[in-house]
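For reference, the structure discussed in these notes is given below.
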Amino acid sequence: MAKTVVLNRKPLSFSERTYLPQIVTGLKTTFSNMFKPKVTLQYPEEKPVIPNNYRGVPTLVKDPNGREKCVSCQLCEFVCPPKAIRITPGSVPEDQNDREHVEKAPQEFEINMLRCIYCGYCEEVCPEEAIFLQDVYSSSGFTREEMVNNKAKLYELGGTMPDRHYKWDKKKNAESAGNSH
Amino acid sequence: MMDWIPQGLWFEVCLKVFFAFMMVGAVMTMAGYSVLAERKVSAWMQGRVGPNRTVLPFFEYIPIFGPLLKKLGIFQPLADGLKFLFKEEIVPGHVNKLYYYLAPLIALVPALTTMTVLPFGQIYWNDGTVSTLALADLEVGILFVFAVSSLGVYGIALAGWSSNSKYSFLGGIRSSAQMISYELAMGLSLLPVFLWVCAPGVTESGLSLSAIANSQAGGPWLFLVQPLSALIFLIALFAETNRLPFDMPESETDLVGGFHTEYGSFKFGIFFVAEYAHIVIGSAIFTVIFLGGWHFLPFMNDPWPSNWIGSLLGVGWFLAKTIFLIFFFIWIRWTLPRFRYDQVMHLGWSKLLPLALANLIVYLLIVTAIDQSTSANF
Ligand code: SF4
Ligand code: SF4
């Protein structure tokens, strides 16, 4: 059983009851604080370090071979809670040899940053690991149209991400080994 | 003494008006820069950097000096003032218009009036005479200061009442209650000072502020002689200027903005400046009475020569002390939390007032004893 310990508070001494020594101590503390290094981040000049798992503006990424990963399956468009994504599906041009096993690609891909709530569902749902919420956190514009990121903008923001699968290469190798898919 | 000045009444008047404008300019500038100091010091104490972006055009391009001024926020008060001027002026429909407009003025005018009797230095004339630098070196200087500075509370009470808002109203009530409780302690704490200054053996006497300052030349400063009076006066000064830990009329945590909740734009700006003008004048008066005014250090004669350089250095020294006190006001504000209303009343009535009375009686006895012993010698 826990034992209750009654702590007797010492009655305050006279000097403590005047509060003046305590005030002096407080003054010392605040004064010494004046010379401590400042913690302010001078924002536009100094930028914060963005951690890797930061959920910034959603972007489209390419694989290290510079190939478009999105296959325009429209899962992200479907899952997006505020309906910020609008995809116009298209086909891959026949003459693009490095993408010959990809069936589809987005013709246009728009994310409306006035609607996006940065929930990250699109990143979570994407079967091709093509859409990522990265470190861009400041987007602004003068008109509503400017706030809609089109495909070119999304790829510009996204850049390239390391790829673990190289799906198209695998498919290509599989076909040359005789498997149809 | 002033034979280099052309004679004539109109000239005298013009000169006085000119000096008055200079003085108002100086005090208002100091008030403006106290606001900056407040922002900067509070920032430094909280590990921030404070305002450091405002800069006038072209100043930025001066090497070293320009960026330094910008970093110190030297131009911030200009921007603040302009902001107040250009804000939309909203007068709520439920206010009593006449008093609503009058209140900021009533708050500001006493703050600026007290400075007429404020001595801030000495001027050494060629023929060896010395006169005090002040707009009007009244014989009853300190009484004038007390009389006028307590009028400032009318501005606050009027603002609270005319705003027709519960927050403003509570702020106004608290302010007047606080003023009444601390005015007494303040007055009583100064009586021993005057007793001391007027004691036999001291050549200069009187209620004038310059006489008090001069009585400290080459001798101890009065705050060394009468630490308790100085302490009580300082605490009462904090209460009179509505500074934390006594900012009852404002108490932004429980009264939104206190008496100026309903005020905006320039009218709020006037209240704001009035508060800081009170601080500047209060610091200056404390300097004159307890910190030796424009005299150098305690027990030391002024090291500067008795000419215009000496005058300038004296005024500079006076300003330095005042600025330190302004800093002290700010320092206290960012150190102590606010008292509760009842604690303020308790402190005022049942602590400071008896203490001030006891202090008065003790010094009464001491001064009488000294008086008896010196008169016995004669
Ligand atoms: S982060 Fe959420 S809201 Fe934004 S685009 Fe992706 S799914 Fe839509
Ligand atoms: S980004 Fe991913 S989820 Fe969205 S359409 Fe492209 S492949 Fe499908």
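Within the option set B:Leu325, B:Leu312, being open to solvent by 70 Å² or more (accessible area, probe 1.4 Å) and part of a helix (DSSP H, G or I) holds for one residue only, B:Leu312. Taking (1) away from every other protein chain (no Cβ under 14 Å); (2) loosely packed, with under 10 Cβ neighbours inside 10 Å; (3) free of Cβ contacts under 8 Å to residues at least 24 places away in the same chain in turn, A:Lys47 satisfies each apart from (2).
Of all the criteria given as (1) among the small types (Gly, Ala, Ser); (2) surrounded by fewer than 21 Cβ atoms within 10 Å (Cβ to Cβ); (3) on the phi > 0 side of the Ramachandran plot, the one not satisfied by B:Ala320 is (3).
Before we move on, is B:Thr114 hydroxyl-bearing (Ser, Thr, Tyr), open to solvent by less than 30 Å² (accessible area, probe 1.4 Å) and at pLDDT below 85? I'd like the intermediate steps shown before the answer.
Details: hydroxyl-bearing (Ser, Thr, Tyr): yes; open to solvent by less than 30 Å² (accessible area, probe 1.4 Å): yes; at pLDDT below 85: yes.
For B:Thr114, the condition - hydroxyl-bearing (Ser, Thr, Tyr), open to solvent by less than 30 Å² (accessible area, probe 1.4 Å) and at pLDDT below 85 - is met.
Against the list (1) in a helix (DSSP H, G or I); (2) over 19 Å from B:Val35 (Cα atoms); (3) among the polar types (S, T, N, Q), the condition B:Ser283 fails is (2).
Of all residues in region B:332-378, those that are surrounded by fewer than 14 Cβ atoms within 10 Å (Cβ to Cβ) and among the aromatic types (Phe, Trp, Tyr) total 1.
Just to verify a result, which residue in region A:59-79, among those that are closer than 12 Å to A:Ile111 by Cα and near ligand 2 (Cβ under 9 Å from one of its atoms), is farthest from the other protein chains (Cβ to nearest Cβ)?
Applying the first criterion (closer than 12 Å to A:Ile111 by Cα) to region A:59-79 yields A:59-60, A:76-77.
Then drop every residue that is not near ligand 2 (Cβ under 9 Å from one of its atoms), which leaves A:60, A:76-77.
Details: A:Leu60: 37, A:Cys76: 41, A:Glu77: 43 Å.
So the residue we want is A:Glu77.
Taking into account only those residues within region A:54-75 that are within 21 Å of A:Ser139 (Cα to Cα) and outside any loop (DSSP other than H, G, I, E, B), which is nearest to ligand 1 (Cβ to nearest atom)?
Quick first cut of region A:54-75, residues within 21 Å of A:Ser139 (Cα to Cα) only: A:54-61.
Narrowing the set further to residues that are outside any loop (DSSP other than H, G, I, E, B) leaves A:58-60.
Values: A:Pro58: 5, A:Thr59: 10, A:Leu60: 11 Å.
Among residues in region A:54-75 that are within 21 Å of A:Ser139 (Cα to Cα) and outside any loop (DSSP other than H, G, I, E, B), the one nearest to ligand 1 (Cβ to nearest atom) is A:Pro58.
Looking at (1) without any contact (Cβ under 8 Å) to a residue 12 or more places away in the chain; (2) loosely packed, with under 12 Cβ neighbours inside 10 Å, can you tell me which one A:Glu156 breaks? Failing condition for A:Glu156: (2). If you check B:Ala177, B:Ala277, B:Ala213, B:Ala236 for being surrounded by fewer than 21 Cβ atoms within 10 Å (Cβ to Cβ) and assigned to a helix (DSSP H, G or I), only one passes: B:Ala177. For first residues located in region A:18-39 and at the interface with chain B (Cβ under 7 Å from one of its Cβ atoms) and open to solvent by 70 Å² or more (accessible area, probe 1.4 Å), partners that are in a loop (DSSP other than H, G, I, E, B) and at pLDDT 85 or above and lie 6+ apart or on another chain with Cβ distances below 8 Å form the pairs A:Lys36/B:Gly47; A:Val39/B:Gly47; A:Val39/B:Arg48. Which of the residues spanning region B:55-94 are open to solvent by 90 Å² or more (accessible area, probe 1.4 Å) and within 14 Å of chain A (Cβ to nearest Cβ)? Correct list: B:Lys71 only. For region B:130-139, does any single residue satisfy the condition of being open to solvent by less than 60 Å² (accessible area, probe 1.4 Å) and closer than 27 Å to B:Glu250 by Cβ? Looking through region B:130-139, none of the residues is open to solvent by less than 60 Å² (accessible area, probe 1.4 Å) and closer than 27 Å to B:Glu250 by Cβ. Within the set B:Leu291, B:Leu355, B:Leu365, B:Leu360, the sole residue that is hydrophobic (A, V, I, L, M, F, W, C), farther than 30 Å from B:Gly93 by Cβ and free of Cβ contacts under 8 Å to residues at least 24 places away in the same chain turns out to be B:Leu365. Selection of first residues in region B:55-76 that are among the polar types (S, T, N, Q) and of second residues that are open to solvent by 60 Å² or more (accessible area, probe 1.4 Å), restricted to Cβ pairs under 9 Å at least 6 apart or on distinct chains, gives the following pairs, ordered by first then second residue: B:Gln76/B:Arg39; B:Gln76/B:Arg53. Which members of region A:92-101 meet the condition of being within 14 Å of ligand 2 (Cβ to nearest atom) and at pLDDT 75 or above? Passing the criteria: only A:Val92. Pairs linking a residue in region A:103-122 that is on the phi > 0 side of the Ramachandran plot to a residue that is surrounded by 14 or more Cβ atoms within 10 Å (Cβ to Cβ) and of a type outside the set (Asp, Glu), with Cβ atoms under 7 Å and 6 or more positions apart or on different chains, are A:Tyr118/A:Arg55; A:Tyr118/A:Leu133; A:Gly120/A:Arg55; A:Gly120/A:Leu133. Among the residues of region A:113-135, those that are away from ligand 2 (no atom under 14 Å from the Cβ) and either touching a Lys or Arg at 6+ places or on another chain (Cβ under 7 Å) or open to solvent by 40 Å² or more (accessible area, probe 1.4 Å) (or both) comprise A:Leu114, A:Arg115, A:Ile117, A:Tyr118, A:Asp135. Of the residues screened, A:Glu123 is not one that is touching a Cys at 6+ places or on another chain (Cβ under 9 Å), among the charged types (D, E, K, R), part of a helix (DSSP H, G or I) and over 21 Å from A:Pro64 (Cα atoms). Tallying residues that are of a type in the set (A, V, I, L, M) and open to solvent by less than 20 Å² (accessible area, probe 1.4 Å) within region B:280-309 yields 6. In this structure, A:Glu110 qualifies as in contact with a helix residue (DSSP H, G or I) (Cβ under 9 Å, 6 or more places away or on another chain) and either open to solvent by 80 Å² or more (accessible area, probe 1.4 Å) or not small (Gly, Ala, Ser) (or both).
When we screen A:Pro93, A:Pro89 for residues that are away from ligand 1 (no atom under 11 Å from the Cβ), loosely packed, with under 14 Cβ neighbours inside 10 Å and away from chain B (no Cβ under 14 Å), the only hit is A:Pro93.
Looking at this structure, is B:Pro51 open to solvent by less than 80 Å² (accessible area, probe 1.4 Å), at negative phi and in contact with a Leu (Cβ under 6 Å, 6 or more places away or on another chain)? So B:Pro51 does not fit the description; no. The set of residues in region A:1-17 being open to solvent by 90 Å² or more (accessible area, probe 1.4 Å) and assigned to a loop (DSSP other than H, G, I, E, B) consists of A:Met1, A:Lys3, A:Thr4, A:Val5, A:Val6, A:Leu7, A:Asn8, A:Arg9, A:Lys10, A:Pro11, A:Leu12. Please verify whether region B:45-54 includes one or more residues that are at pLDDT 85 or above, in a helix (DSSP H, G or I) and within 14 Å of chain A (Cβ to nearest Cβ). Taking every residue of region B:45-54 in turn, at least one turns out to be at pLDDT 85 or above, in a helix (DSSP H, G or I) and within 14 Å of chain A (Cβ to nearest Cβ).
For B:Arg39, the conditions (1) part of a helix (DSSP H, G or I); (2) away from chain A (no Cβ under 14 Å) are fulfilled apart from (2).
The values are calculated or read from the model by the stated rules, or taken from the named source; none is laboratory data. Owing to the predicted nature of the structure, the values given are computational and were not obtained by experimental measurement. Please note: Cβ atoms are built from the backbone with ideal geometry, for glycine as well, and neighbour counts cover all protein chains shown. To get the accessible areas, we keep the full protein, side chains included, count just its heavy atoms, and leave off ligands, DNA and RNA. Shrake-Rupley method; radii C 1.70, N 1.55, O 1.52, S 1.80 Å.
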